[in-house]
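Novice: Below is a structure I'd like to ask you about.
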Amino acid sequence: MLSGVRERGFQDVLTFESEELLELHFPSIENLQAGVGRMLHLLYGIGACRSEQLRQQGYATLADLTSHPQWGEGARTLLAKWGGSWNPEAVFRTLRAWLPASDPLLLSALALVPRQRILFFDLETLGLSNAPVFLIATGRLEDRRLLVRQFLATSLAGEKPLLARFGRELEEATALVSYNGKAFDWTLLQERSAYYSQEIPSVEIHADLLHHVRRRFAGLLPDAHLGTIEEKVLGVHRAHDLSSSLVPSFYSMYLETGSPAPLRPILDHNRQDIVSLALLLRTLLEEGADAAR
Amino acid sequence: MRLDDFLSALDRDPSYRGQVVHAASVPAHAPEYGEIALRPEVAAALDQRGIRLYRHQVATIEALRAGRDVALTTPTASGKTLAFHIPTLEWLGEDPNATALYLYPLKALANDQLEKLRALDEACGSDLSPCTYDGDTPQQKRAWIRRSARVVLTNPHALHQYLPWHHQWARLFASLKLVVLDEAHHYRGVVGGNVAGLLARLLRILAHYGAHPQFVVSSASIANPEDFARALTGRDAVSITEDGSARGPRSIVFWDPMADPSSSITRQAATLLSFLTGQGMQTVCFARSRVMAERIASTARRGTATEAIQSYRAGYLAQDRRELEADLRNGRLRGVVSTSALESGIDIGGLDAAILVGFPGSLLSAWQQAGRAGRGSRPSLVIYIPYEDPLDRYFLRDPERFLAYAGERLVLPRRTLRHRAGHLACAAAELPLRPEEAGVEDEEAMTALRESGLLADTPFGAIYRGLRRAHEAFPLEEMAGETVRLVCDGRTLETMDPVRARRDAYPGAVLLHRGETYVIQALDLTEGVATAMREDVDYSTQGLRTSAVEILSAEASVPSGGAHVAHGRVRVTESFVGYKAIHDDRTVSLHPLDLPSHTYETDGVWATFRNLPPEIEAADLLGALHGAEHALISMAPLLVLCDAADVAGVSMPLHPQTGAPTILLFDGIEDGAGLAEVLFEEWSRLAAAAHAMVSRCPCDDGCPACLLSPRCGSQNQPLSKPGAMRILALSAPASRKEDA
């Protein structure tokens, strides 16, 4: 009844593929570059007052500043770091240094990342912290679809190959998108990989949508659970969904009985998490675009 | 001040009532220096401070350079810390990546040492960035410390929580050269067993990162340093015990407060304190509780009208403590009354005199306290004032026993199933547990963990798969069986096992925690909570225990004199029938207790007497056995480091299982703490010491200073002193009778 595929070299791991129609609108690279280019305060030493003065003196963009007697060198160095085609890692490094983690620009700037190298991900584990990971869902954008790939460990022995398989996905990623993934999922992946003495590729850009939800919906929602966001913001209704808190015991049931029946609701639940994550990014990008207008 | 001057000054004092029953002089000890070539910056830092290394410090450095572990057990103030700081400074100075880990039993001790180490680090310019890392470390500093600090000072409880995050410590662990266990004598009994389990896990993780550090186990003087270090670390260590530091002549005065019945012990201690400070001697006085310390301090201040006498305790704010410590070092403060908080670890410099009010429970502690007097080669004076308690007063009659201290034995308990299961579960949560890493003796625990679904076997080893974090599901204190929390104002002060909770935390009990008195309001054993209130009271309480003991198995049995001694597992059913409130050594009230009895398994040691001499009459037999039992329990702390209340006993004219008159002692701790086994091994010395104690007591029928036990649940009835002496003589081989 499970339609997963066993890939060579990854014992005890099943891969499930599916897709969902879903379109995301990032700002155009030109608009983004224009907007970021006007942020003179991305240069060390320039604050709000000074950037206003500079603007009045006719230095509207970082490119203009490259000819400034005092700030020219800094501006040239910064733009050189970013490179002619604006290397996304370098730009994010600068933005992260000066902006709060919840700044909408940190989402818009994902426009710099090639679409298919943005990786949505979500984990299911056997407990809260330090517990084995048994299922990882990933999502990638392609045309007008979200390609969902789920990797399931079919036994506890499958955790190590599962992490290795996910590592392959990470190698094909420039940016990660998660919900509370900075504090939880990513930390846990590192911990579990260290547990098996297995390297895990690192991805420098990580958009944790929880930070953005907290800022955007402050005071408007009772809590920041993904379920609450789905219901109040995304309009997603999970009709027969398995509650998150039951996921570990359903998987344990599968381990004990060997019957795959409890796996279906877990896979569905985990798949919906990834779809909702993509929908949430779409909503936040729209709000960001609205705010910019 | 010399002893003669002190004694003649006392004689001239109108309030002196001849309390000095014995005075001994320990001759001065010239410094024995050693020579060793050090790295230039370390040598320069020592020169600049005018420090020459003593022989034992050099021996420590040499042993470490030779790749050995070291058990360092020289006395207080002999410069133990410097002996292991130097290799740290040298090795970390040589290799800019090398690191060291220092473990302290208490956060406060780590904080005190941090400053010393920082000063040395700065003087040498070795850039070690020593840092403490524990529950108090601010969140924003943590990542930096894990990334950059090269010496980390922490404690076992904290380390237990950090081990599963070992990848965050990969840098420190991978380059670890030295692990220091300072003040290691705190790791005795069940606590020590847990530290041993923790260190085994640490070593496993270090090996995973390719690190094989050396260990320094630094402790107060003990009888079995090699064995103790091996029990803790699982490795062999070079034992360094010979003290090469300079010590001036030391006089030890045994003071009998009973010689002046009109004055309480507190008052006599206060009078002595003001007398000594009045003679220009800077003096530290050790009291059992903070209330007592404050009473002595205020009484002493009245006597001398001086403000230069203060009390000191662990509970003071760090800032206040630092000021007191500085005032002691610079001599502004002339007298200080402290709980055991000042016993060790904290740098207050050497003083001229120390007064010990009451025996602090072990000679190890007593000598740590005495060691606070003495600065370089200047003479020092120690005055010992006993309470009316058998062991306390025994030293008045046998001062040599006090003076010839060679250290108690420090033992760790046999590893219980709970202990093994806890550490195995944590180990499997840290790194998959390969089959060869769990020994045969771990099999039962592994099976239990598999059956409860906490461990699962994979091709990579057994992995932990519990829903709760292993290190939360198995906190160190619970692996030690400490499942009852002592809570005051919502804060957990300490944890204890259920047996000790019944013994010390019944409703109405006065409990001492770091010198402060707390009154227990309620004890909920189902929830595992004892609720306490901070209250200054001037009385203490003593629970009255009755026990029934069933022998489960005997592991060994040997003849000892006319008795047979055996040890093994026992099942104890214990009830606390009431408690008494005691003020100034006198029972002031009796209170009944209505607590359910409790049954637990522990270790026991028992002596049976099959051929009793005719002098012990049948009618007298129970009193004889009962009295001997009390005396044996009183003397147990002489042989193995424990609280007198940790050993309990029963005696019976006809034990149904042995079929003979029997005295049975047992570890009053669930699962046992390894005490009974030591008492079995040392039985003849124990019996000889008990015999000497009882026979040297001048009373006729038994008194609080020999046979009467404040803890006895049967009101010390019946007791026979002549009978007890015969029983004790019988159970010690003839040659041992006077060896006490």
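Novice: Within region B:131-158, which residues are closer than 26 Å to B:TYR464 by Cβ and either in contact with a strand residue (DSSP E or B) (Cβ under 7 Å, 6 or more places away or on another chain) or among the acidic types (Asp, Glu) (or both)?
Specialist: B:TYR133, B:ASP134, B:VAL152, B:THR154, B:ASN155, B:PRO156
Novice: Specify which of the listed residues (B:ARG468, B:ARG534) is of a type in the set (Lys, Arg), surrounded by fewer than 16 Cβ atoms within 10 Å (Cβ to Cβ) and free of Cβ contacts under 8 Å to residues at least 24 places away in the same chain.
Specialist: B:ARG468
Novice: What number of residues in region B:581-599 are within 13 Å of B:PRO710 (Cβ to Cβ) and at pLDDT 90 or above?
Specialist: Result for region B:581-599: 2.
Novice: Then there is this: Under the condition of being of a type in the set (S, T, N, Q) and surrounded by fewer than 21 Cβ atoms within 10 Å (Cβ to Cβ), which residue from region B:215-244 is farthest from B:ALA71 (Cα to Cα)?
Specialist: Filtering region B:215-244 for residues of a type in the set (S, T, N, Q) gives B:218-219, B:221, B:224, B:233, B:239, B:241.
With surrounded by fewer than 21 Cβ atoms within 10 Å (Cβ to Cβ) added as a condition, the list becomes B:224, B:239, B:241.
Details: B:ASN224: 10, B:SER239: 5, B:THR241: 8 Å.
Among residues in region B:215-244 that are of a type in the set (S, T, N, Q) and surrounded by fewer than 21 Cβ atoms within 10 Å (Cβ to Cβ), the one farthest from B:ALA71 (Cα to Cα) is B:ASN224.
Novice: Would you be able to say whether some residue in region B:137-146 is in the same structural domain as B:TYR209 (by TED's automatic domain parsing) and buried (at least 21 other Cβ atoms within 10 Å of the Cβ)?
Specialist: Just the residues of region B:137-146 that are in the same structural domain as B:TYR209 (by TED's automatic domain parsing), to begin with: B:137-146.
Narrowing further to those that are buried (at least 21 other Cβ atoms within 10 Å of the Cβ): none.
Checked region B:137-146: no residue is in the same structural domain as B:TYR209 (by TED's automatic domain parsing) and buried (at least 21 other Cβ atoms within 10 Å of the Cβ).
Novice: Can you pull out the residues in region A:196-235 that are closer than 30 Å to B:ALA428 by Cα and out of contact with any strand residue (DSSP E or B) (no Cβ under 8 Å at 6 or more places or on another chain)? Break it down stepwise before answering.
Specialist: Residues of region A:196-235 that are closer than 30 Å to B:ALA428 by Cα, as a first pass: A:196-203.
Passing the criteria: A:TYR196, A:SER197, A:GLN198, A:GLU199, A:ILE200, A:PRO201, A:SER202.
Novice: Looking at region B:687-707, I want the residues that are on the phi > 0 side of the Ramachandran plot and have a partner that is assigned to a loop (DSSP other than H, G, I, E, B) and among the aliphatic types (A, V, I, L, M) with Cβ atoms under 7 Å, at least 6 apart or on another chain. Which pairs are those?
Specialist: Every condition considered, the pairs that remain are B:GLY702/B:LEU708; B:GLY702/B:LEU719.
Novice: What residue, of A:ALA278, A:ALA239, is over 21 Å from A:THR15 (Cβ atoms) and either in contact with a helix residue (DSSP H, G or I) (Cβ under 8 Å, 6 or more places away or on another chain) or not polar (S, T, N, Q) (or both)?
Specialist: Exactly one residue qualifies, and that residue is A:ALA239.
Novice: Taking the condition buried (at least 18 other Cβ atoms within 10 Å of the Cβ), farther than 30 Å from B:PRO257 by Cα and in contact (Cβ under 8 Å) with a residue 24 or more places away in the chain, does B:VAL570 pass?
Specialist: When the stated conditions are applied, B:VAL570 passes them.
Novice: Consider only pairs whose beta carbons are under 7 Å apart and that are at least six residues apart or on different chains; among these, list those whose first residue lies in region B:34-49 and is more than 20 Å from B:ALA63 (Cα to Cα) and whose second residue is loosely packed, with under 14 Cβ neighbours inside 10 Å.
Specialist: Once the first residue is more than 20 Å from B:ALA63 (Cα to Cα) and sits in region B:34-49, its partners that are loosely packed, with under 14 Cβ neighbours inside 10 Å give B:GLU41/B:GLY125.
Novice: Of the residues B:LEU364, B:LEU328, B:LEU333, B:LEU381, which is of a type outside the set (Val, Ile, Thr), assigned to a loop (DSSP other than H, G, I, E, B) and crowded, with 22+ Cβ neighbours inside 10 Å?
Specialist: B:LEU333
Novice: Hey, another quick one. Of the numbered conditions (1) away from chain B (no Cβ under 14 Å); (2) within 17 Å of the chain's Cα centre (by Cα), A:TRP98 fails exactly one; give the number of that condition.
Specialist: Checking A:TRP98 against (1) away from chain B (no Cβ under 14 Å); (2) within 17 Å of the chain's Cα centre (by Cα), the one that fails is (2).
Novice: Another question about this same structure. Would you check if there is a residue in region A:240-259 being touching an Asp or Glu at 6+ places or on another chain (Cβ under 6 Å) and away from chain B (no Cβ under 14 Å)?
Specialist: no
Novice: Further, regarding this structure: Can you spot a residue in region B:345-357 that is closer than 18 Å to B:LEU106 by Cα, modelled with pLDDT under 90 and within 16 Å of the chain's Cα centre (by Cα)?
Specialist: yes
Novice: Go through the residues of region A:223-237 one by one and say whether even a single one is surrounded by fewer than 21 Cβ atoms within 10 Å (Cβ to Cβ), assigned to a helix (DSSP H, G or I) and within 14 Å of another protein chain (Cβ to nearest Cβ).
Specialist: No, that holds for no residue.
Novice: Looking at B:LYS177 and the list (1) in contact (Cβ under 8 Å) with a residue 12 or more places away in the chain; (2) farther than 30 Å from B:PRO31 by Cβ; (3) away from every other protein chain (no Cβ under 14 Å), which single condition is not satisfied?
Specialist: (2)
Novice: Looking at this structure, is B:GLY248 surrounded by fewer than 21 Cβ atoms within 10 Å (Cβ to Cβ), within 25 Å of B:LEU328 (Cα to Cα) and modelled with pLDDT of 90 or more?
Specialist: yes
Novice: Would you pick out the residues in region B:360-396 that are more than 30 Å from B:ASN330 (Cα to Cα) and in contact with a helix residue (DSSP H, G or I) (Cβ under 7 Å, 6 or more places away or on another chain)?
Specialist: Hits for region B:360-396 are B:GLY361, B:SER362, B:PRO386, B:TYR387, B:PRO390, B:LEU391, B:TYR394, B:PHE395.
Novice: Just one of the numbered conditions (1) in contact (Cβ under 8 Å) with a residue 60 or more places away in the chain; (2) surrounded by fewer than 18 Cβ atoms within 10 Å (Cβ to Cβ) is not true of B:GLU94; which one?
Specialist: The number of the failed condition is (1).
Novice: Hey, another quick one. Can you tell me which residue among B:LEU199, B:LEU273 is crowded, with 20+ Cβ neighbours inside 10 Å, within 27 Å of the chain's Cα centre (by Cα) and closer than 27 Å to B:PRO432 by Cβ?
Specialist: Numbers: B:LEU273 fails: closer than 27 Å to B:PRO432 by Cβ.
Result: B:LEU199 is the single residue among B:LEU199, B:LEU273 that is crowded, with 20+ Cβ neighbours inside 10 Å, within 27 Å of the chain's Cα centre (by Cα) and closer than 27 Å to B:PRO432 by Cβ.
Novice: State whether one or more residues within region B:198-213 are assigned to a loop (DSSP other than H, G, I, E, B), in contact (Cβ under 8 Å) with a residue 24 or more places away in the chain and over 22 Å from B:PRO435 (Cα atoms).
Specialist: Here is the first cut: in region B:198-213, the ones assigned to a loop (DSSP other than H, G, I, E, B) are B:209-213.
Next cut, in contact (Cβ under 8 Å) with a residue 24 or more places away in the chain only: B:209-211, B:213.
Then keep just the ones that are over 22 Å from B:PRO435 (Cα atoms); that gives B:213.
Scanning region B:198-213 turns up at least one residue that is assigned to a loop (DSSP other than H, G, I, E, B), in contact (Cβ under 8 Å) with a residue 24 or more places away in the chain and over 22 Å from B:PRO435 (Cα atoms).
Novice: List the helices (runs of 4 or more DSSP H) that sit entirely inside region B:1-71 and contain at least 3 residues that are more than 30 Å from B:HIS85 (Cβ to Cβ) and of a type outside the set (Asp, Glu). Talk me through it step by step, then tell me what you get.
Specialist: Working: elements: B:3-12, B:40-48, B:55-65.
Because the criterion is at least 3 residues that are more than 30 Å from B:HIS85 (Cβ to Cβ) and of a type outside the set (Asp, Glu), the helices (runs of 4 or more DSSP H) in region B:1-71 that meet it are B:3-12.
The values are calculated or read from the model by the stated rules, or taken from the named source; none is laboratory data. Everything quoted here is computed from the prediction, not taken from an experiment. Neighbour counts are summed over all protein chains in view; Cβ atoms, including those assigned to glycine, are modelled from backbone coordinates with ideal geometry.
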